Each structure stands twice: as structure tokens, then as C-alpha cells.
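Colleague: Supplied in C-alpha cells, the structure appears directly below.
Laboratory data are not the source of any read-out in this text; all were calculated from the coordinates shown. Values in this document were obtained by computation on a predicted structure and should not be read as measured data. All Cβ positions, glycine included, derive from the backbone under ideal geometry; neighbour counts span all protein chains shown.
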Amino acid sequence: MDATSPTAVELKHVARRFVTPTGEILSALEDFDLTIAPGEFFAIVGPTGCGKSTTLGLIAGLAKPQAGEVTLFDAPVDGVDTRVGFVFQQDAVFPWRNVLGNVMAGPLFRGQPRDKAEAEARDWITRVGLKGFEDHHPHQLSGGMRKRVALAQTFINHPKVLLMDEPFSALDVQTRELMQEELLQLWSQSKSAVLFVTHDLDEAILLADRVAVLTTRPARVKAVHTIDLPRPRDVATLRYDEGFIEIARRISDDLREEVLRARAGH
Amino acid sequence: MAETTLSASHPQPRIETMVERMRRHNRLVMALRLAVLVVLIGGWELGVRFGLIDPFFFGQPSAIALKLADWFQNGTSIGPLWKQIWVTIYEAGAGFLIGAVLGVLCGIALGRNQLLSDVFSIYIKVANSIPRVVLGSIFIVALGLGAASKVALAVVMVFFVVFANAFQGVREADKNLIANARILGASNWQVTRAVVIPSALSWILASLHVSFGFALVGAIVGEFLGAREGMGLLIATAQGSFDSNGVFAAMIVIAVVALIAEWILTLIENRLLTWRPETTAGE
């Protein structure tokens, strides 16, 4: 790692435990280590329910770890940080605001004057291909279009660290491919570090510079694989590439072991 | 080419029959509604004429209509009818506004603040279980025969309904939306304003429909218990002189007031909730 640039995100020996209603202690993360460089696209794959979303919550400052340290650019996370953006798995756009109102929400919350926020929002709406839909409310849009609103809503804040929690898992295959392409394009212009959580290994390899495989609960990082596929990547054709298939085979062996272990544990 | 025009023109007549069928259905429903009304009122009137129903106890539709006409033209025994209606609307309206505002404010404050809600929820439960109409007697003793005691009773009637709904609405606000707003940079107050209140709004508006009825009940019961004017007093006076037609006539006037208020509230609701998808289940 480059010594002059600090790490964008670092988790050191982090533990996050929950108390179940029956009084048992459930460990979601235990002795969890992870480092993401500035500008890096990092993906996490792992069996369902293994604590991937928990990790994102800790970095976003929505929850606190019981042990260990979470840092953003070498400073400990304390509450919600303005440098962080978050794209949720479910729809989290505001249903009572139209597209324009949704996209300009961030700048307005952060105290920008209205006309400036609106101009910037219109620019982002055009960039995600929603020009002409400014006055539509979310329920009038398709799932893919709502995701575009969510992306514009997040990118308008120029996040240094972008956390994405299975953002495209609810979309159909064709729409998902389009959104992946869109995301890569937005990311290449923004230079933000991305932590992308998914259960879809192909998606992780297509998008990321590095892919971490997590163990079953309690989650640890089992292995980190470097994806040395050249950029810019073509999402539609890359998955038939020899190099892609070779990497996918290597990681999926890792992953299958954990999925089987997760199933045995239940 | 011929085929495409054929298939394109094909669904046209079917859509028309659908619209027509719906219109016919609507006309049928209206006619049947009218028929039910005519049968009920007509049956009542005929029952009285043939001696099956005693008009002394149960009134008579034609006499009720005459009573209403008489009230509108010559005024009631306690003064002009418009004055009585206005007094009751004023009391119910003022009570409704004050109770609704207090209910919304308290509901949001307690819904957003865990400590406040832990401390006060028990007292609100207790207060809610008291039959609040009884408080009317206290208000009349304390606040006198004027409008203040009726307004106070209406406030108490409205407050708990609106409060409970506002509280629930705040608690039901989507956790994801709140997290999203916080990450986008919203302060606590901005989260409340931009997420919590809009998502509680449909709960609050639903409670307003019910609670205007309660405000009317509060005002009328208050007038019943002791007043110098108002629809409640008019009913009490009619009751005192065994005038069942007068009671029914007053009831009709109050029902019309309630229906108009309901209509206005629906207009406001539709304006405030334009973002909601249209519900497919018609009326």
C-alpha cells in the first residue's frame, strides 16, 4: 500500500455482537480485519446472513462495535460521517418527494442554498439518465429508475467512501447489468472508495479491484482476491472472458466451502 | 398490414363496453341507494299513518321536515337556528383544532424521544381509559356555561385519538429512510421534518377524520350538560318537551355538519398526500 496515502477504511479486530431475545449473545463479527485504499473498488461476498450488512453499518457510523476499531482516513468513526455515502438494498428514496426533491435532499440537509442545490441536482439527474422525470414521484418509476435516483442522491454528496448493500439484488438481470455499467462509470469519475456488498460472486468480480470472501457467522475475512482484469470493463461481455472464468472458479471454491458450512450450521 | 389494423381496432369496442358497463353499474348503485332511502323513510311515514308506529316516541318524517322548515324560517325556541349551528360548529371546531395540534405535537415529541415516551406513556394510557365525557361535568363547573367548557371537552375528546395515531405513525417510520436521511446529512430535527412527519402524516390525517366526529360529540354533550345556546341545548330542550321530531331534526342538522367537515378533511388529505399511489380499491 502507498505509504503517503492513508487508508480510506480500516477495521481492526472489530467485533459486533447482538443479544437475542432469549438472552444469548450472537456474534455477527469477530476479530474482523479489513483495509480499503482511497479510490479502490472493494467487494465483499459471503453466505447470506453472515454479517455483511453489519459491517457497512459500522463504517457508516449507524452502529458501534463492541470491540476493535473502525477508522475512516485514519480517524476513528464517531457517528455518521459526511464523507460517507450509502446505497441501500431496499428502496430508501423518500416516497413523498419527487425525483428532484430526492436528489437535492443531501445538499439541502448539508445547508447548501436552494438554487445551488437544485442546479446540482438537475445535473445529476441528467447524468443518471432521468432527465424529464424530475417531477415524478418514486411510485411512478420502475425499480431500476428508483435505483438511479438513489445513486444520484448519493453521488451528489461527493462521498469519499461509498457503501453499497446489495444495491442491485432486487433488479431483473438486464436492468442489473445496465446499473452495474452505470455504477462503474460514475465511480471512475468520482474517485471514491467503494465497499460493495453482494451475494452474487459474478457481480463482485465484474466490478471490484479486490474481492473478500467472508466466513460464516461470526464473520471474518477468509481470503482477499485481487481481480487483475483491465479497466474499463465491459459488464456485458466480461463474464465470458477466460480470465474472468478462471478467477470466478478460484473464488467460488472458497465461497462454496463457507456456504456448505453455513448450511451445516443451521 | 390489414392484419395489424384489424388487431389494433379490435380492443377498441371492448374498452367502450367496459366503460359503459361501469357507468351502468354506477347508475344501478345510485338508483338502489335512492330506493333504500325511499323505502326506509316511506315505510316510517306509512307506519305512522297506519298507526303501527307511535309518532309521540319515534317522530314522523313529514313532521320532522316541517319542524326543520319552521326552525329555518321562524327560529327555534332558544333563538335562531343559524346561531345554534354556528355556536356548536365554533365549539367543535376550536376544540378540534386545539386538540389536533396538541395531539400531533405530543405524539411526535414522544414518538421521537424514548425517555419522554417511557415516562409519559403510562399516564396517557391511564388518562385514555377514563371515560372522558364525564370530564364535561368538571369543565362546566370550572369553566362555566359558555363556550370554554365545551371547547375543553372537545379538546380532550380529540387529543387522545390524534396523539395515539401520531405516536404510532412516528414509530412506524421506515428505519431505512431514517438511516438514509442521516447519511445524506440530516440533523435530528431535519430527520423529523423530512422523514418522520411525512410518513406519520397519513396516520395523522386518518385520525383527523374520526376525531372531528369526537369533537362534535364533545361540544354537544357539553351543551347537553349545561349551556345557554347550541345544538346540544336545542336537543335537550326538545327532549324536555317530549318533542321527538325536534330531536330528529337537530340530529339531521348535526349529521349535515359532520358530513361537510368530512368532505373538507378529505379535500385537505388528498392535497397533502398527492405523492401516494392511487389506491385501486375505488370508493
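Colleague: DSSP loop (so not H, G, I, E, B), at most 16 other Cβ within 10 Å: list which chymotrypsin sites (Phe, Trp or Tyr not before Pro) in the range B:184-252 pass both filters.
Modeller: B:242
Colleague: Do you know the relative contact order of chain A, to the nearest whole percent, from alpha carbon pairs under 8 angstrom that are 6+ apart?
Modeller: Relative contact order here is 25 percent.
Colleague: Run the numbers on the range A:93-158 and let me know its relative contact order in percent, using alpha-carbon pairs under 8 Å that are six or more apart.
Modeller: It rounds to 49 percent for the range A:93-158.
Colleague: Here's another thing I want to ask about it. As an exercise, identify the chymotrypsin sites (Phe, Trp or Tyr not before Pro) in the range B:36-74 lying in DSSP coil whose Cβ has no more than 10 other Cβ atoms within 10 Å.
Modeller: B:50
Colleague: Once phi is turned into ³J(HN,Hα) by the Karplus curve 6.51 cos²θ - 1.76 cosθ + 1.60 with θ = phi - 60°, what whole-Hz value does each residue of the range A:14-20 show in order, with x for glycine and proline?
Modeller: 7, 10, 9, 10, 10, 9, 6
Colleague: Give the dimensionless ratio obtained when the Cα radius of gyration of the range A:117-171 is divided by 2.2 N^0.38 Å.
Modeller: So the range A:117-171 has a normalised radius of gyration of 1.14.
Colleague: Something else now. Along the charge dipole of the protein assembly as shown, pointing to its positive end and built from +1/-1 on Cβ of Lys, Arg, Asp and Glu, which listed residue (B:30, B:74, A:18) has its Cα farthest out?
Modeller: Checking the options against the dipole of the protein assembly as shown, the answer is B:74.
Colleague: Can you return the lysines within cross-link range of residue B:67? Criterion is Cα-Cα under 17 Å, with same-chain partners fewer than 8 residues away left out.
Modeller: Answer for residue B:67, where 17 Å is the Cα cut-off: B:83, listed by chain and number.
Colleague: Rounding to the nearest 10 and keeping the result within 0 to 90°, find how far the Cα-based axis of helix A:173-190 lies from the longest principal axis of chain A.
Modeller: 80
Colleague: With only alpha-carbon pairs counted, each pair once and no self-pairs, how large is the Kirkwood hydrodynamic radius of the range A:1-103 in angstroms?
Modeller: Radius from the Kirkwood sum: 15.5 Å.
Colleague: Follow-up. With +1 assigned to the C-beta of every Lys and Arg and -1 to the C-beta of every Asp and Glu, and no other charges, what is the dipole magnitude of the protein assembly as shown about the Cα centre in debye, to the nearest 20?
Modeller: Dipole size: approximately 1140 debye.
Colleague: Okay, moving on. May I ask you to derive the relative contact order of the range B:176-265, considering only C-alpha pairs under 8 Å and at least 6 residues apart, and to give it as an integer percent?
Modeller: It rounds to 20 percent for the range B:176-265.
Colleague: In a Debye calculation with equal point scatterers on the alpha-carbon sites of the protein assembly as shown and no solvent, what is log10 I(q)/I(0) at q = 0.06, 0.10, 0.11, 0.12 Å⁻¹?
Modeller: -0.50, -0.95, -1.05, -1.15
Colleague: Hand me the trypsin sites (Lys or Arg not before Pro) from the range A:128-198 located in a DSSP loop with no more than 13 other Cβ atoms within 10 Å, in residue order please.
Modeller: Here the sparse-neighbourhood loop sites are A:131, A:191.
Colleague: Something else now. Which residue fluctuates the most in chain A, going by a Gaussian network model with Cα springs under 10 Å, if the choices are A:219, A:204, A:75?
Modeller: Its mean-square fluctuation being the largest, the pick is A:75.
Colleague: Let me ask you something else. Going through the cross-link list A:52/B:175; A:116/B:175; A:12/A:64; A:52/A:222, which pairs have a Cα-Cα distance over 22 Å in this structure?
Modeller: Pairs exceeding 22 Å: A:116/B:175.
Colleague: Percentage of Cα-Cα pair distances in the range B:62-272 greater than 20 Å, rounded to whole percent?
Modeller: Result for the distance tail: 62 percent.
Colleague: If you take the charge dipole of the range A:117-261 about its Cα centre, with +1 on Lys and Arg Cβ and -1 on Asp and Glu Cβ, which of A:208, A:145, A:180 is farthest toward its positive end?
Modeller: The residue sitting most towards the positive pole is A:208.
Colleague: Mind checking the alpha-carbon convex hull of chain A and giving the volume per residue in Å³?
Modeller: Hull volume normalised by residue count: 146 Å³.
Colleague: So what's the projected area for the range B:119-241, the Cα convex hull averaged over all directions, in nm²?
Modeller: 9.3
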